[in-house]
Each structure stands twice: as C-alpha cells, then as structure tokens.
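S.K.: The structure's right below; bear with me while I get my questions together.
Values quoted throughout were computed directly from the atomic coordinates according to the rules given, and no laboratory measurement underlies them. On a predicted model such as this, the values are computed, not experimentally measured, just so you know. Positions of Cβ are backbone-derived with ideal geometry, glycine not excepted, and every protein chain shown enters the neighbour counts.
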Amino acid sequence: MSSLKDQLKEEVRTERQKMKEMSLEDKLWYIWEYYKFHIGAVLVLILLVSVVITSVRNASIDPGLYCVIINNRSSQELDTAPLEQDFFNHMGFGKKQPVYVESMYISYGDDATEYSYASMAKISALVATRDLDVIMADAESMDHYASLDGMADLEQILPPDVLSAVKDRLRTAPDSTGRSVSVSVDISGTSLADLMHLSDEAANLGIVNNSGQTDYAVALVRYIFGL
C-alpha cells in the first residue's frame, strides 16, 4: 500500500501533466474552475490578515480617518491624495493620525465574485473593529449596507448648518426594518470629487454607524462643501 506521501506525489505529477497538455486559455479556465474556492479562501485570509495588521498598527496611533471607496468606475485613475494629503493637512493631523483610503469593487447577489466576498469580509472586519469611518460608493452598495444598519442617519448626526447646506443632496435607503434613512450625501461635482476622479455613480458619501471618528467624518463633509 502506497503511503500518503506517495499518493500526493502522484496527484501532483498527474496535475502537472494535465497542465502541460492544455492551452493557456484552458489552463486559466481549469485553475479557476477547480481552485476558485481555494483562491477565494486565500483572498479572504489575506484581507483579514491585513485588517488585523491595521488594527494592531492603529492601537499605537490615533487614525485621522479610514475611507473605503466602492465601485468607482471613472475613466481616470483614482487619486487618493486629496484625502490622504490635502484633508490631512487641512485637519492639522499629526504623523500618528494618518488618513487611509482604500478602493474596492464589489458585486452582489448572483453576480458576486470571490473577490467581492473577500472585500465584504474585510469591510465587516473593519466595521467590527470600529476602524472604518466613511464609505463612498454607488447606490447599490449604499443600499446594501443601509439594509444591514451599517450606515448612520445623516439627518441625526450632521450639525444644523451642515444639514441645511446638503439637505437637497441627501439620499435615503431603507434600513433593516424598512425605515427610510438618510444614508449618504451626493458629493458629485465638488472639487474633492473632481480632484479624486470619483465617478458620479460612486459619489455617495456615508458615515459608518459605529465609526470611532464621527467628528472627523463630519469635518470631512464640511471640508468637501467648504463649510
């Protein structure tokens, strides 16, 4: 009876032989079809490890703001400098108060990919550790997180002067109970959105419900609209 080691060697040899006989297109299809769950698991692990590393790093600093941008489909490359540098300087943050900006692409339902699940897992982990403060996203993503009670009601947390200035730009979505909540403000056409090359579809800014930096998130809204 062959040992487990011998069996594994034989399986590896067989897989290599199969791959040698395939075209590049067939190889890519084969790898995805038979190893997509493994690939997805690795992606989730990598993203979750990055969250742990970020949390450990944040334990020794006082982050200025953490923003995730979802489904920005601008024809121009996203520029995060207006947030990571300009807003950072505007707020007078110190070296231990960085502004983090991360971009993701997520699809939902039957269209969800392994990468989408991995990205959603990372967002969930960031929310659980109260590291995530702001989301800029398309309407579908905002609706998704509103339905999970993940977004703050802007009419409840924005100061009166800010609320008055952006009231016509507020967008509502139902929460988990079906109640309509003002989950985001449309920042399309603003200087910040233009400088970042933020697409109009992804220019819905919302504040995460359990953000640890709500005051800074509100300050960002002020900054964007020059208030």
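S.K.: Please find, within segment 165-209, the residue that is farthest from Met104 (Cα to Cα) out of those that are surrounded by 22 or more Cβ atoms within 10 Å (Cβ to Cβ) and hydroxyl-bearing (Ser, Thr, Tyr).
M.R.: So, considering only residues that are surrounded by 22 or more Cβ atoms within 10 Å (Cβ to Cβ) and hydroxyl-bearing (Ser, Thr, Tyr), the one farthest from Met104 (Cα to Cα) is Ser182.
S.K.: Here is a list of conditions, (1) out of contact with any strand residue (DSSP E or B) (no Cβ under 8 Å at 6 or more places or on another chain); (2) aliphatic (A, V, I, L, M); (3) under 13 Å from Leu205 (Cβ atoms), and Leu163 meets all of them except one; can you say which number that is?
M.R.: (3)
S.K.: May I pose another question? Restricting to segment 99-135, and then to whatever is among the aromatic types (Phe, Trp, Tyr) and assigned to a helix (DSSP H, G or I), can you tell me which residue is farthest from Asp153 (Cα to Cα)?
M.R.: Step one: of segment 99-135, the residues among the aromatic types (Phe, Trp, Tyr) are 100, 105, 108, 115, 117.
Now restrict to residues that are assigned to a helix (DSSP H, G or I): 115, 117.
Working: Tyr115: 29, Tyr117: 26 Å.
Among them, the one singled out is Tyr115.
S.K.: Continuing with the same structure: Does any residue of segment 118-134 turn out to be of a type in the set (Ser, Thr, Tyr), free of Cβ contacts under 8 Å to residues at least 60 places away in the same chain, out of contact with any helix residue (DSSP H, G or I) (no Cβ under 8 Å at 6 or more places or on another chain) and within 17 Å of Ser176 (Cβ to Cβ)?
M.R.: Scanning segment 118-134 turns up at least one residue that is of a type in the set (Ser, Thr, Tyr), free of Cβ contacts under 8 Å to residues at least 60 places away in the same chain, out of contact with any helix residue (DSSP H, G or I) (no Cβ under 8 Å at 6 or more places or on another chain) and within 17 Å of Ser176 (Cβ to Cβ).
S.K.: Take segment 81-127 and flag every residue that is among the polar types (S, T, N, Q) and under 17 Å from Gly206 (Cα atoms).
M.R.: Answer for segment 81-127, where residues must be among the polar types (S, T, N, Q) and under 17 Å from Gly206 (Cα atoms): Ser103, Ser124.
S.K.: Quick one: which of Ser188, Ser182 is of a type in the set (Ser, Thr, Tyr), outside any loop (DSSP other than H, G, I, E, B) and in contact with a strand residue (DSSP E or B) (Cβ under 9 Å, 6 or more places away or on another chain)?
M.R.: Values: Ser188 fails: outside any loop (DSSP other than H, G, I, E, B).
Just one listed residue meets the conditions, Ser182.
S.K.: Looking at segment 136-164 only, could you name the residues that are hydrophobic (A, V, I, L, M, F, W, C), buried (at least 17 other Cβ atoms within 10 Å of the Cβ) and either within 13 Å of the chain's Cα centre (by Cα) or outside any helix (DSSP H, G or I) (or both)?
M.R.: Those that are hydrophobic (A, V, I, L, M, F, W, C), buried (at least 17 other Cβ atoms within 10 Å of the Cβ) and either within 13 Å of the chain's Cα centre (by Cα) or outside any helix (DSSP H, G or I) (or both): Met136, Ala137, Met142, Met151, Ala152, Leu158.
S.K.: When the residues of segment 104-115 are narrowed to those that are buried (at least 17 other Cβ atoms within 10 Å of the Cβ) and touching a Ser or Thr at 6+ places or on another chain (Cβ under 8 Å), which ends up nearest to Asn72 (Cα to Cα)?
M.R.: By that ranking, first place goes to Met104.
S.K.: Look at Asp168 and say whether it is over 14 Å from the mean Cα position of the chain (by Cα) and either assigned to a strand (DSSP E or B) or in contact (Cβ under 8 Å) with a residue 60 or more places away in the chain (or both).
M.R.: no
S.K.: OK, next. So Met136 fits all but one of (1) within 25 Å of Gly226 (Cβ to Cβ); (2) out of contact with any Cys (no Cβ under 7 Å at 6 or more places or on another chain); what number is the exception?
M.R.: Unmet for Met136, out of (1) within 25 Å of Gly226 (Cβ to Cβ); (2) out of contact with any Cys (no Cβ under 7 Å at 6 or more places or on another chain): (2).
S.K.: Just to be sure I understand the filter: pairs with C-beta atoms under 9 Å, separated by 6 or more residues or on different chains, first member in segment 80-94 and closer than 15 Å to Tyr66 by Cβ, second member in a helix (DSSP H, G or I) and among the hydroxyl-bearing types (Ser, Thr, Tyr). Which pairs pass?
M.R.: Qualifying pairs under 9 Å: Phe87/Tyr223; Met91/Tyr216; Met91/Tyr223; Phe93/Tyr216.
S.K.: Among the residues of segment 61-98, write down those that are farther than 19 Å from Met151 by Cα, outside any loop (DSSP other than H, G, I, E, B) and among the hydrophobic types (A, V, I, L, M, F, W, C).
M.R.: Selection gives Ala81, Leu83, Phe87, Phe88, Met91.
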